[in-house]
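Chemist: Sending over a structure as structure tokens; questions will come in a sec.
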């Protein structure tokens with residue numbers, strides 16, 4: 001199962017739509033709150049439940065694509081996927097879609113259908129485990145999911161199915177239930193994988209704080225126990241592994257996101273209390289919804305089903321989801337070399353996966369020593385080690401090993417710093433344009449009026465969402481490529497293998513030893529903690545300094561690690577790219593000058609697959625497609641205007657913004673990067689839209705000079721043309737000057753040439769025997785003199 005995407009509504013639900021009343025025409029109605037429903041609206045108009053529906057007219061096309069018969073396949077929209085946070089489920093010949101997800105008329109809908117039919121073929125081929133419980137265990141095999149993603153993307157764009165899926169048996173496959181999740185992990189080792197690495201090594205569990213709680217919740221609190229794998233999974237991604245943090249003033253203070261602090265707070269009403277262990281239980285369900293502790297069954301196993309009847313409040317869900325999104329947005333410490341160089345254990349706490357593991361491992365050693373000296377067991381020391389081991393196991397995801405997350409962010413945010421602003425503005429404009437073109441409200445409002453209100457609502461509804469930059473997309477592609485294709489690695493123990501990760505931990509590649517090495521590292525980390533606990537028992541309180549404790553633990557490193565060195569035993573297992581296989585691994589090619597250059601560049605020097613290929617696949621059926629599709633739920637299916645007219649914002653999002661982006665990802669990205677508010681506007685409104693963007697309105701809004709520095713040359717040229725296209729007022733002339741002055745000195749002559757169509761020669765063209773420059777005709781003389789000096793470098 002995959003985690004919730006960054007842009008999904010916090011509680012995974014779409015609240016009911018309030019019917020707007022009053023207002024004077026659409027613009028006033030928008031301001032009175034109805035358009036504020038656009039991102040929070042109802043599910044009205046969702047497709048009806050049509051259980052058992054056939055493939056119909058798509059049958060022949062899809063059967064030709066897969067080379068097999070699907071006459072026994074049935075399709076339902078029955079609510080089952082929503083129960084586990086999925087878009088769709090496949091079990092045998094039965095496909096079940098969440099409401100609104102079965103939409104083969106759209107590229108993303110066709111991709112999802114192709115993904116699920118790929119699961120049908122996989123199950124027919126006997127490649128999926130047989131169902132065991134709950135109507136079929138959820139099978140989350142990374143390689144099968146990647147194969148299904150590729151099939152769905154190919155079907156949507158009219159390509160060919162993967163050869164492994166063509167011409168399979170016509171029917172009859174058993175197999176477990178396979179889910180296409182709503183949730184998409186971005187640059188995080190898969191939650192279930194993190195958990196399995198801990199639970200396979202360290203059995204049992206840890207009590208966390210008060211096990212009693214109030215009488216009405218006594219049983220729930222008394223049974224609250226976290227496994228080693230739970231803590232590895234939750235630490236870092238969902239909660240902070242630390243008890244304190246340093247605030248903006250440089251002072252140490254309690255960390256409100258601390259896993260150990262929140263876990264220790266008993267709940268007064270299971271599932272309902274923010275700031276209590278209810279958040280921890282919900283986070284486990286969010287990360288691994290098929291965990292047997294959430295089964296709704298009676299069982300002799302006391303653990304199975306113990307949380308099956310817990311209902312979580314919207315406040316608990318919102319708290320966990322918001323924290324997860326914020327932590328995912330600043331996740332450099334999950335990468336081994338976030339700034340391009342692996343500084344190893346000495347990088348410092350929070351600086352990288354290696355630096356964080358070293359700091360937290362030594363905290364676990366100190367905790368275990370003190371527990372031993374005080375006569376207590378080593379349990380909490382091992383729990384602290386589990387929190388540290390999230391970053392230890394991050395090393396064993398190939399996409400985290402060499403992807404320089406911080407360097408990619410710095411590079412691409414420097415080139416396209418306005419990407420997040422642009423994508424939100426483009427969504428609002430595309431929705432407004434679609435409504436104006438397709439819904440009967442033309443005399444009530446213009447595109448410009450609808451856009452203004454819709455944009456304000458989009459900004460308000462995304463205020464708490466961490467910004468998405470173009471760098472996130474580049475990191476995702478680089479990260480996923482290594483995870484799926486693997487990297488040849490070695491370590492301090494001179495062991496060579498091929499490292500995979502994030503859904504591919506158990507790849508069938510014969511050179512894959514990822515799980516074996518990761519579990520060895522976890523075991524050695526736990527051994528270190530037990531050594532520290534034993535030393536505490538022997539030496540007593542104050543018997544060793546911190547440095548002496550660290551040296552004693554390293555001197556007792558368990559086999560196969562080498563004792564007595566500078567690295568702890570688990571650190572000696574950590575992989576690094578094998579220099580002997582440098583050509584096989586290839587070089588990452590993310591550092592390009594523009595999206596146009598990046599598009600045609602191979603992801604690495606050892607492959608022919610380009611960034612354009614990978615981005616297109618991600619948009620047409622991969623994780624990025626899921627991210628964007630999830631945003632549709634923020635728009636109501638339909639909405640009544642003035643009790644007469646009906647508009648369809650969700651269709652506006654899908655057909656105006658998303659479908660064109662999926663159909664032509666390259667052009668769609670360029671339209672985001674070079675966004676202009678004048679596109680789709682009536683001619684008389686084009687310059688007004690630009691002025692409102694740059695200068696604001698009624699003393700509010702507008703772009704600062706610093707923000708304007710982030711505009712691309714194409715954006716600048718288009719805005720200048722709009723401002724000088726008709727009668728140009730003095731205020732519009734000032735914005736033309738700002739567009740030139742906020743460009744770099746080297747860009748200004750280029751910008752002039754893009755606007756006028758000829759090179760800058762030190763002055764504007766004008767006179768009796770030549771065609772005047774458009775800028776010359778539009779600006780006042782004093783403004784022209786200032787602009788001339790600016791272009792000349794003044």
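Chemist: Of the listed peptides 406-415, 281-290, what is their order by residue-averaged count of other C-beta atoms within 10 Å, with the highest listed first?
Modeler: Top to bottom by mean Cβ count within 10 Å: 281-290, 406-415.
Chemist: Give, in whole angstrom and from largest to smallest, the semi-axes √(5λ) of the equivalent ellipsoid of region 518-589, with λ running over the eigenvalues of the Cα gyration tensor.
Modeler: Equivalent ellipsoid semi-axes, largest first: 33, 12, 9 Å.
Chemist: Ratio of Rg to Rh for region 729-794, alpha carbon only, Kirkwood?
Modeler: Here Rg/Rh amounts to 0.93.
Chemist: Can you tell me what share of the DSSP beta bridges in region 191-394 is antiparallel? A percent to the nearest 5 is fine. Show your work: numbers first, answer last.
Modeler: Values: 6 of 8 bridges.
Bridges in region 191-394 that DSSP calls antiparallel: roughly 75 percent.
Chemist: Could you compute the FRET efficiency for residue 581 and residue 768, with r as their C-beta to C-beta distance and R0 at 56 Å, rounded to 0.05?
Modeler: Numbers: r = 71 Å, r/R0 = 1.27.
For residue 581 and residue 768, the calculated efficiency is 0.20.
Chemist: Taking a point 7 angstrom from the Cα of residue 705 along the C-beta vector, which residues in region 775-794 have backbone N less than 19 Å away?
Modeler: From region 775-794, the list is 783-794.
Chemist: Which value results when the Cα radius of gyration for region 191-394 is divided by 2.2 N^0.38 Å? Write out the running numbers ahead of the final one.
Modeler: Working: Rg = 17.0 Å, N = 204, 2.2 N^0.38 = 16.6 Å.
Taking the Cα Rg and dividing by 2.2 N^0.38 Å, one obtains 1.02.
Chemist: Sort 592-603, 373-384 for me by packing, meaning the mean count of neighbouring Cβ atoms within 10 Å per residue, highest on top.
Modeler: The most tightly packed comes first, giving 373-384, 592-603.
Chemist: Using the 10 angstrom Cβ neighbour count as an exposure proxy, how do 706, 303 rank, fewest first?
Modeler: Ordered by Cβ neighbours within 10 Å, fewest first: 706, 303.
Chemist: Between 0 and 90 degrees, rounded to the nearest ten: what's the tilt of helix 107-124 against the longest Cα principal axis of the chain?
Modeler: Its long axis makes an angle of about 30 degrees.
Chemist: Sum -39500 (n - 2.57) across every DSSP H segment of at least 4 residues in the chain, then divide by the residue count to get the 222 nm mean residue ellipticity, nearest 500.
Modeler: Only helices count here, giving -13500 deg cm²/dmol.
Chemist: Using only the alpha-carbon atoms of region 317-412 as identical scatterers, what base-10 log of I(q)/I(0) does the Debye formula give at q = 0.16, 0.17 Å⁻¹?
Modeler: Per q value, in the given order, log10 I(q)/I(0) is -0.72, -0.78.
Chemist: Taking a quarter of the surface of the Cα convex hull of region 683-791, what do you get in nm²?
Modeler: Reported value for the Cα convex hull: 7.0 nm².
Chemist: Compute the angle between helix 514-539 and the longest alpha-carbon principal axis of the chain, please, reported from 0 to 90 degrees and rounded to the nearest 10.
Modeler: 60
Chemist: Report the full-extension gain for the segment residue 792 to residue 249: residue separation times 0.36 nm, less the Cα-Cα distance, to one decimal in nm.
Modeler: 191.1 nm
Chemist: Would you report the distance distribution of C-alpha pairs in region 410-555 as whole percents per 5 angstrom bin, up to the bin with the largest distance?
Modeler: Whole-percent P(r) values from 0 Å outward: 2, 8, 10, 9, 8, 8, 9, 9, 9, 8, 6, 5, 4, 3, 2, 1, 0, 0.
Chemist: Related question: Can you give the FRET efficiency for residue 496 and residue 538, using 1/(1 + (r/R0)^6), R0 = 45 Å, r = Cβ-Cβ distance, to the nearest 0.05? Before the final figure, lay out each step's value.
Modeler: Numbers: r = 39 Å, r/R0 = 0.86.
Taking R0 as 45 Å, the efficiency between residue 496 and residue 538 is 0.70.
Chemist: Could I ask something else about it? From zero up to wherever the largest Cα-Cα distance of region 577-661 sits, split into 10 Å bins and tell me the percent of pairs in each.
Modeler: In whole percents, the pair-distance histogram is 16, 28, 24, 15, 10, 4, 2, 0.
Chemist: Compute the Rg/Rh shape ratio of the chain: radius of gyration over Kirkwood radius, all on alpha-carbon atoms. Before the final figure, lay out the partial values.
Modeler: Values: Rg = 28.8 Å, Rh = 28.8 Å.
For the chain, the value is 1.00.
Chemist: Here is a follow-up. What angle, in degrees between 0 and 90 and rounded to the nearest 10, separates the Cα long axis of helix 379-394 from the longest principal axis of the Cα atoms of the chain?
Modeler: With rounding to tens, the tilt is 40 degrees.
Chemist: With labels modelled as points extended 7 Å from the Cα through the Cβ direction, what inter-label distance (nm, one decimal) is found for residue 697 paired with residue 300?
Modeler: 7.1
Chemist: Using the beta-carbon distance between residue 548 and residue 269 and R0 = 51 Å, what value does 1/(1 + (r/R0)^6) give for FRET efficiency, to the nearest 0.05?
Modeler: That gives a FRET efficiency of 0.60.
Chemist: Please compute the modelled spin-label separation between residue 216 and residue 613, points set 7 Å along Cα→Cβ, answer in nm with one decimal.
Modeler: 6.1
Chemist: To continue, here is another question. Dividing the convex hull volume of the Cα atoms of region 197-318 by its residue count, what figure in Å³ per residue is obtained?
Modeler: Each residue corresponds to 119 Å³ of Cα convex hull volume.
Chemist: Once both labels are modelled 7 Å past Cα along the beta-carbon direction, what's the residue 459-residue 597 spacing in nm?
Modeler: Label at residue 459, label at residue 597, 3.3 nm between them.
Chemist: Which order do the peptides 57-64, 237-244 take when ranked by the mean count of other beta-carbon atoms within 10 Å per residue, highest first?
Modeler: My ranking of the peptides, most packed first, is 237-244, 57-64.
Computed from the coordinates by the stated procedures, all read-outs in this text should not be read as laboratory data. Keep in mind that this is a model prediction, so the values were computed, not measured. Cβ coordinates were reconstructed from backbone atoms using ideal geometry, including for glycine residues, and neighbour counts include every protein chain displayed.
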